[in-house]
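Written below as structure tokens is the structure these notes are about.
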Amino acid sequence: MFRKLSIVALTAALVAAPLPVLAQSKKDSVVMAMALEPPGLDPTNAAAAAIAEVTLYNVYETLTKVNEDGTVSSLLAESWTASPDLKTYTFKLRKGVKFHNGEPFDSAAVKFSFERNGLPTSTNKDKSLFQGFESVAAPDADTVVIALKNSEPNLPFQMGQASASIVEPKSAPTNVTQPVGTGPYQLGAWAKGSSMTLTKWADYRNAAAIKLSKVTIRFISDPSAQTAALLSGDVDAFPRVSAQRTIAQFKADPRFSVLVGGSRAKTIVAINHRKKPLDDVRVRRAILAAIDRKAMIDGAVDGFGTPIGSFYVPGALGFVDTTGINPYDPEKAKKLLAEAGVTTPLELSLKLPPPSYARQGGEIVAAQLAKVGIIAKIENVEWAQWLSQVFAGNGPHNFDLTIISHVEPFDLVKITEPDYYLGYNNEAFNALYKQIVSTPDEAPRAKLLGDAQRMLATDAVSAYLYQPQLITITNKKLKGVWKDVPQYENDFSTWYWE
């Protein structure tokens, strides 16, 4: 009897005590969450930022890499040089790289990717960038020469954006659901509406440096559910979480790291110039005068934002403060509507995509507009509906007003595109933008950028609200997660457990 008890006690002790090897091992998987699910997994054919959040630097790679501080380093290109006029760039490619399907990465793949992005039928969100290429030459397997129609000092940064991801030609038609890249991760599984799994690619050229073997990405749009998932430990990291109202709770909890970082994003009330009476600048100025930016920042993102007056943010080259051009002034708004011959109440649609900043902000905008005689009829739409009905270049642009955060750092060029969803087609602005891109020297270029910001503010192209400050919350032991976000991405190659 004594012997049996001893065996039972010994067995229990062995079960209770972890083995030394296991005690020393570190976790090699992580559960991350995102507010929005990507509509597909090809960042070269759609505009949704959620695609880049999953795929950029993880599944696909680019010639260059944009770092947390906004600097640019080598990735698929080992080095590059630019001509003095910044109109010709020569990239030397990394050797020995292959795609997930075993095909070699070379200059032909780069040439294919960039020429595909610039085709008339392309749906690449930066199509105009690639259509600005005079030519893409591949003089040998390891060299790519890009000749530009205009000088472009930002090209190395732009070559690190998701829209410039290098795709394998044969796999390109199916990348939306079966992505093939050169990155350290491959798509494992995708449970639509719920989660996605990326698994480490064993044949990656630097596989030993990749610490996480599996990344599970959960899609949680509701702010309360986001907070609950973090507090329960179901989620290890939530970049760009809607936790403004619960941030104090996380800061006080020793289990978490709270990172508040900057961005190049611009949250706006976009106005459809194709619709009457919104084609009248006086009506647009009335809308801007009716909106209190501070109330928007406080109510929609609990103070985590910096007011802006144009499609440009503090910290960018040539930034000027244009918030004084369209200040909050409800009485002026009423006068402008009267001058434009608008009979109030004026009914307008306000289409809101799922993010909380849009839904919460929409309620505030509607209440403010109502005070000057504009009835904004709120319509909540899903992300796919917003992209197809509001944003898509080929229309139908079925909206009057919408609230959206544009996250790309260099997107003034979008304003010049005739099929852009805003419908602002101003030859004076287009000419000014051509001056900007044909001016390689920084000082005169910065002055012209200031002129562009003032023109957009004066023309009340949109109601420019704020530059958001983004909150990321992680498990305290998870390291390598970025605080600042020069562009939306989650580079899992830098993540590891302490």
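The values are calculated or read from the model by the stated rules, or taken from the named source; none is laboratory data. Model, not experiment: these values are computed from the prediction. Reconstructed Cβ throughout: ideal geometry from the backbone, glycine too, with neighbour counts over all protein chains shown. SASA here: full protein model, heavy atoms, side chains in, ligands and nucleic acids out. Shrake-Rupley method; radii C 1.70, N 1.55, O 1.52, S 1.80 Å.
List, in order, the whole-Hz ³J(HN,Hα) value for each residue of region 473-486 obtained from phi through the Karplus relation with A = 6.51, B = -1.76, C = 1.60 and θ = phi - 60°; use x for Gly and Pro.
Each residue of region 473-486 in turn: 10, 9, 4, 4, 8, 8, 10, x, 7, 6, 8, 8, 10, x Hz.
Name the shape class, rounded, prolate or oblate, that the alpha-carbon gyration tensor gives for the chain, where a ≥ b ≥ c are the square roots of its eigenvalues, rounded holds for a/c under 1.5, and otherwise prolate holds if a/b is larger than b/c and oblate otherwise. Working shown, then result.
Values: a/c = 2.23, a/b = 1.32, b/c = 1.69.
Because a/c hits 1.5 or more and a/b fails to exceed b/c, the chain counts as oblate.
Show me the ranking of peptides 147-153, 338-344 by mean Cβ neighbours inside 10 Å, starting with the highest. Present the calculation step by step, with values, prior to reporting the outcome.
Working: 147-153: 17.4, 338-344: 13.1.
The densest-packed peptide leads the list: 147-153, 338-344.
If you place +1 on the Cβ of every Lys and Arg, -1 on the Cβ of every Asp and Glu, and leave all else neutral, what size is the dipole of region 60-173 about its Cα centre, to the nearest 20 Debye?
Values: 12 positive and 14 negative charges, 44 e Å.
Dipole of region 60-173, to the nearest 20 debye: 200 debye.
Go ahead and run the numbers for FRET between A370 and L119, Cβ-Cβ distance against an R0 of 56 Å, rounding to 0.05.
Values: r = 45 Å, r/R0 = 0.81.
Efficiency at R0 = 56 Å is approximately 0.80.
Among all the lysines, which ones have a C-alpha under 16 Å from K27's C-alpha, if same-chain residues fewer than 8 places away are not counted?
K200, K211, K214, K476, K477, K479
What FRET efficiency, computed as 1/(1 + (r/R0)^6) with R0 = 25 Å and r the Cβ-Cβ distance, is obtained for E347 and D302, rounded to the nearest 0.05? Kindly include the intermediate steps, with their values, before the conclusion.
Details: r = 30 Å, r/R0 = 1.21.
For E347 and D302, the calculated efficiency is 0.25.
Restricting to DSSP H runs of at least four residues, report the calculated mean residue ellipticity at 222 nm for the chain, -39500 (n - 2.57) per run over all residues, nearest 500 deg cm²/dmol. If you can, show how the numbers build up before the last one.
Details: 14 runs with 134 residues, N = 498.
So the helix-based figure for the chain works out to -8000 deg cm²/dmol.
Below 12 angstrom from the Cβ of V97, what's the summed charge of the other residues (Lys, Arg +1; Asp, Glu -1)? Intermediate values should be presented prior to the final figure.
Values: positive: R94, K95, K98, R205; negative: E61, E78, E103, D106, D142, E168, D203.
Neighbour charge sum, excluding V97 itself: -3.
Contact order normalised by length for region 26-119, with contacts defined as Cα pairs under 8 Å and 6 or more residues apart; what percent is it?
Working: 80 pairs, mean separation 12.9, N = 94.
The value is 14 percent.
Would you mind putting 322-328, 419-425 in packing order, based on average other-beta-carbon counts within 10 Å, highest first? Could you put the intermediate results ahead of the total?
Values: 322-328: 16.3, 419-425: 18.3.
Output ranking for 322-328, 419-425: 419-425, 322-328.
Leaving ligands, DNA and RNA out of it, report the carbon-plus-sulfur percent of the accessible area of the chain at a 1.4 Å probe.
On the way: 11350 of 20770 Å².
Looking at the chain in its full context, I get 55 percent from C and S.
With contacts defined as alpha carbon pairs under 8 Å and 6 or more residues apart, what's the relative contact order of the chain in percent? Don't skip to the end; give the middle numbers.
Numbers: 1005 pairs, mean separation 101.3, N = 498.
Value for the chain: 20 percent.
In Å², and per residue, what accessible area does the chain have when probed at 1.4 Å with the other protein chains present? Before the final figure, lay out the partial values.
Numbers: 20770 Å² over 498 residues.
Per residue, the chain has an accessible area of 42 Å².
Residues with beta-carbon under 9 Å from that of I436, excluding I436: net charge, scoring Lys, Arg +1 and Asp, Glu -1?
Values: positive: K434, R445; negative: D451.
Here the charged neighbours net out to +1.
Can you list the aspartates and glutamates whose alpha carbon sits under 20 Å from that of K294, skipping same-chain ones fewer than 8 residues off?
Excluding near neighbours in sequence, the set is D302, D321, D329, E331, E363.
Could you report the accessible area of V31 in Å², rounded to 10, computed with a 1.4 Å probe on the protein chains as they sit in the structure?
Rounded to the nearest 10, that gives 40 Å².
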